[in-house]
Amino acid sequence: MRDHLTFFQQFRQRFKTTGAVAPSSRFLASAMTGPMKKTLREADAPPQRILEIGPGTGAVTRSIVKLVRPVDRFDLVELNETFVNLLNQRFESHRDYQKVKQQSQVHMLPLQEFAAEKPYDFIISGLPLNNFSTELVREIFECYFRLLAPGGTLSYFEYMYVRSIRKRVGSREEKLRMRSLDEIITPYLNEHRIYQSWVFVNLPPAWVQHLKVEDREPTEN
C-alpha cells in the first residue's frame, strides 16, 4: 500500500514521466522478466549484465533481484529522486535487495546521459513511451539499442490499445503524435520483436514487447 501511495503521489505531480496510476502488477513483472528468467536459471549460463530503466517504486525490480546471481551485474536508471531514494533504501534494508547490493547500482540521470562500461544482455524498461514527445521516443530507442549487447534482449511494456484509442478520440495534435510514435516504434518491432506477452491482470492491461538483437556474424578478412 505504501508503494501505491508513493506511486500515486508521483503520478499526480509528474504524469508525463510516471505514466500510470499504480505500480506494475506481479503478472506484468513476471512477463517483463521472462527472457531473463529463462537464461539465468540455466545451470551453465555465463555472467549477465542487466539494466532496468524507469524502475519506479521497484514493482519489477523485486522480481529481478530474486533472479540476479553473484556473477551478474545489475544497474538501474531512474530520473525521479523520490523513486531513487526508495530504491536505495531497499538495497539497504530489504533482504532480497541486500543479497545483490554489491553488484547493483541506482543511477539518477536521464537515460540519454547514461554511459555504460559494457552493453547489457537484458534491458527491462518501464518508461511510459506513449506519454513522451516523438523526438524523445526516438532518442530512447536509440539508447536502448546502443546499450543492448549483440544477442541481448529488450523487454518493455505499453498499455493495450492506448495509441489506437488516442488516434481516434484525441485532439488533432495528439492524433498526429500517436501516428508519429507508430512510425518510430513499428520498424523496431518488425525487425527485432521475438514475441509479445499479453498481461490482462494489470492496471491498465498491458502488452510486453520482447525484442532481440541478433549476434553479429564475424567479418571476413
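What you get for the chain, charging only the Cβ of Lys and Arg (+1) and of Asp and Glu (-1), is a dipole of about 920 debye around the Cα centre. Taken along the Cα-to-beta-carbon direction at a fixed 7 Å, the label points for residue 89 and residue 102 span 2.6 nm. Over 21 Å between Cα atoms: which of 37/101; 38/212; 66/101; 37/66; 37/212; 38/66 fall into that group? Those over the limit do not exist; all pairs fall within it. Estimated purely from DSSP H runs of n ≥ 4, each contributing -39500 (n - 2.57), the mean residue ellipticity at 222 nm for the chain is -12500 deg cm²/dmol once divided by its residues. Between residue 139 and residue 186, the FRET efficiency from the beta-carbon distance, with R0 = 22 Å, is close to 0.80.
In a DSSP loop and with at most 10 other Cβ atoms within 10 Å, the GluC sites (Glu not before Pro) in the stretch 51-127 are 117. Fraction of C-alpha pairs exceeding 12 angstrom in the stretch 63-116: 64 percent, rounded to a whole number.
In this entry, the stretch 90-191 is assigned a mean projected area of 8.4 nm², taken as a quarter of its C-alpha convex hull surface. Extent along the principal axes, Cα only, for the stretch 138-221: 56, 31, 18 Å, with the longest axis given first. Of all beta bridges that DSSP places with both ends in the chain, some 40 percent have antiparallel geometry. This model, with +1 at the C-beta of Lys and Arg and -1 at the C-beta of Asp and Glu, gives the stretch 107-173 a dipole about its Cα centre of some 440 debye.
Take the Cα of residue 168, step 7 Å toward its Cβ, do the same at residue 26, and the gap between the two points is 3.4 nm. Here the mean projected area of the convex hull built on the C-alpha positions of the chain is 13.5 nm².
In this simple spin-label model, placing a label point 7 Å from the Cα along the Cα-to-Cβ direction at both residue 176 and residue 115 gives a separation of 3.7 nm. Considering only 48, 204, 103, the residue lying farthest towards the positive end of the dipole of the chain is 204, judged by Cα position with unit charges set on Cβ.
In the chain, the sites counted are trypsin sites (Lys or Arg not before Pro) in DSSP loop states with at most 11 other Cβ atoms within 10 Å, and the longest stretch holding none of them, exclusive of the sites, is 42-215. One Cα centroid belongs to the stretch 54-111, the other to the stretch 152-185; the line between them spans 29 Å.
Candidates 195, 152, 31 compared by Cα position along the dipole of the chain: farthest toward the positive end lies 31, with charges placed on Cβ.
Since every read-out is calculated from the coordinates, none of them should be taken as a lab result. The shown structure was predicted, so the numbers you read here are calculated from the model rather than taken from an experiment. Ideal geometry is used to build each Cβ from the backbone, glycine not excepted, and the neighbour counts take in all protein chains shown.
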